[in-house]
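First up is the structure itself, then whatever we jot down about it.
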Amino acid sequence: MLETTYPRRKTRPVRVGDVTIGGGHPVVVQSMITSETREIEACVEQIVAMHRAGSEIVRVTTPSLDEARCLGEIKAKVRERYRDVPLVADVHHQGSDIAVEVAKYVDKVRINPGLFVFRKHTNREEYTPDEHAAERSAIEACLVPVIEAVKRRGVAMRVGVNHGSLSERMLVTYGDTPEGMVESALEYLRICEAHDYRDIVLSLKASRVPVMLAANRLMVRRMDELGMSYPLHLGVTEAGDGDYARIKSTAGIATLLNEGIGDTIRVSLSEDPLNELPVCYDILQALGLRKTKVEYIACPSCGRTKFDLPTVLREVRDATRHLVGLDIAVMGCIVNGPGEMADADYGYVGKAGGKIALYRKREVVKANIAQEDGVKELVALLKSDGVWSDPPEGQPVSARPPLTAIRTIG
């Protein structure tokens, strides 16, 4: 496993069903279904599909008590038809009664501090110390029944702060800032700790990457000062769709992960949520945090390239994409290829005169192979080294979906 620039932040482990977030466990991938919670059959089908596709935790919205009560049936049907999937109930406005109800059925309850004890905006310009204290007392009165409910069943809680839904009191006191997001989370953490509850995951999400980065970094600093070690859920909320949404999400999530910050992630796309999962796994693989596919190291081509590199790369990928765990390099020429592919397990390098060479790590295994025989000889090398396995029966390699990651050199 590759090392990130920074060691991962040490966090307390928080169990969500049969998955553990934090505590040195692999970064967990999660997403959220889009079916209406009252549509029980649709929810069951989507939860199963999401989990099969790689969403290790699945979230379901619960905006009312009626939806909250549906979760018991949803959970039971998923378990009966498939297996026990870790489920999170998403609770927002006036959430105490709803959160207490869903705690009977799910593995984690998500609450939003900006909306949990909802107050209409009054355009106030300041809050007195007594008014701050009164608001904190109101929060505690609503939160304690939830704490008691989750403690009874060993259910986790996510304190999920959104930049776009800070309470008026936080906006008046701290402005529209990362500081307001952090203080909003800390109020809830202090109440939970006062009642001896610590099975908590935190998130501080924003639609703007710089705000999301600043809020999470500040949260880590404040927790360090206070002796807290809660795991963090990372995401850029309301990222949109298409390429830009993927780039935006990666910019935020990957930056923090590479600093050692983050224990579970969600890429939020305005698309089918199944589309979020490959992005999550690609981020984790690119950072060396999880290995879920073959990684191909490939040069971008230039005038020195000795073959049609895009075609050869596709041929190599089609032949080997099922060999999860390997790093394979396809390099266009001998000038930079051997050095820049040094981290790869195997290399396929172009030479003059229509020839290629095969490498094992830095070692040339066979040279002067005719280009048309290159892929066949690579497969033969993998077989001789004992790292080859046949693709799943009935699923030709060339027909499998492109689940590989490509790292470009140059």
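The values are calculated or read from the model by the stated rules, or taken from the named source; none is laboratory data. Bear in mind the structure is a predicted one, so any value in this text is a computation, not a measurement. For neighbour counting, all protein chains shown are included, and Cβ atoms are generated from backbone atoms with ideal geometry for every residue, glycine included. The protein model used for the area step is the full one, side chains on, heavy atoms only, and it has no ligands, DNA or RNA in it. Shrake-Rupley method; radii C 1.70, N 1.55, O 1.52, S 1.80 Å.
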(request) Could you look through segment 342-361, keep only residues that are more than 24 Å from residue 321 (Cβ to Cβ) and not in a strand (DSSP E or B), and pick out the one that is modelled with the lowest pLDDT? (result) 352
(request) Scan segment 267-311 for residues that are surrounded by fewer than 19 Cβ atoms within 10 Å (Cβ to Cβ), in contact with a strand residue (DSSP E or B) (Cβ under 8 Å, 6 or more places away or on another chain) and not in a helix (DSSP H, G or I) and jot them down. (result) 300, 305
(message) Against the condition of a type in the set (Lys, Arg) and either open to solvent by 30 Å² or more (accessible area, probe 1.4 Å) or more than 16 Å from residue 16 (Cβ to Cβ) (or both), how does residue 124 come out, does it pass?
(response) yes
(request) Can you confirm whether segment 371-379 contains a residue that is at pLDDT below 95, open to solvent by less than 30 Å² (accessible area, probe 1.4 Å), over 30 Å from residue 274 (Cβ atoms) and assigned to a strand (DSSP E or B)? (result) no
(message) Please go through (1) under 28 Å from the mean Cα position of the chain (by Cα); (2) touching a residue at least 12 places away in the same chain (Cβ under 8 Å) for residue 275 and return the number of the only condition it doesn't satisfy.
(response) (2)
(message) Condition check: closer than 19 Å to residue 91 by Cβ, open to solvent by 10 Å² or more (accessible area, probe 1.4 Å) and either of a type outside the set (Ser, Thr, Tyr) or under 29 Å from the mean Cα position of the chain (by Cα) (or both). Does residue 189 satisfy that?
(response) no
(request) Filter the helices (runs of 4 or more DSSP H) completely within segment 1-117 down to those with at least 3 residues that are touching a helix residue (DSSP H, G or I) at 6+ places or on another chain (Cβ under 9 Å) and of a type in the set (A, V, I, L, M). (result) 40-53, 65-81, 96-102
(request) Run down 83, 119 and say which single residue is surrounded by fewer than 17 Cβ atoms within 10 Å (Cβ to Cβ) and more than 28 Å from residue 186 (Cβ to Cβ). (result) 83
(message) Just to check your reading of the model, which residue among 295, 259, 315 is more than 30 Å from residue 388 (Cβ to Cβ) and acidic (Asp, Glu)?
(response) 259
(request) Output the number of the condition that residue 131 fails; it satisfies all remaining conditions of (1) over 28 Å from residue 254 (Cβ atoms); (2) crowded, with 20+ Cβ neighbours inside 10 Å. (result) (2)
(request) Select from segment 147-178 the residues that are assigned to a helix (DSSP H, G or I) and either at pLDDT below 95 or in contact with a strand residue (DSSP E or B) (Cβ under 7 Å, 6 or more places away or on another chain) (or both) and list them in ascending order. (result) 150, 163, 164, 165, 168, 169, 170, 171, 172, 173, 174
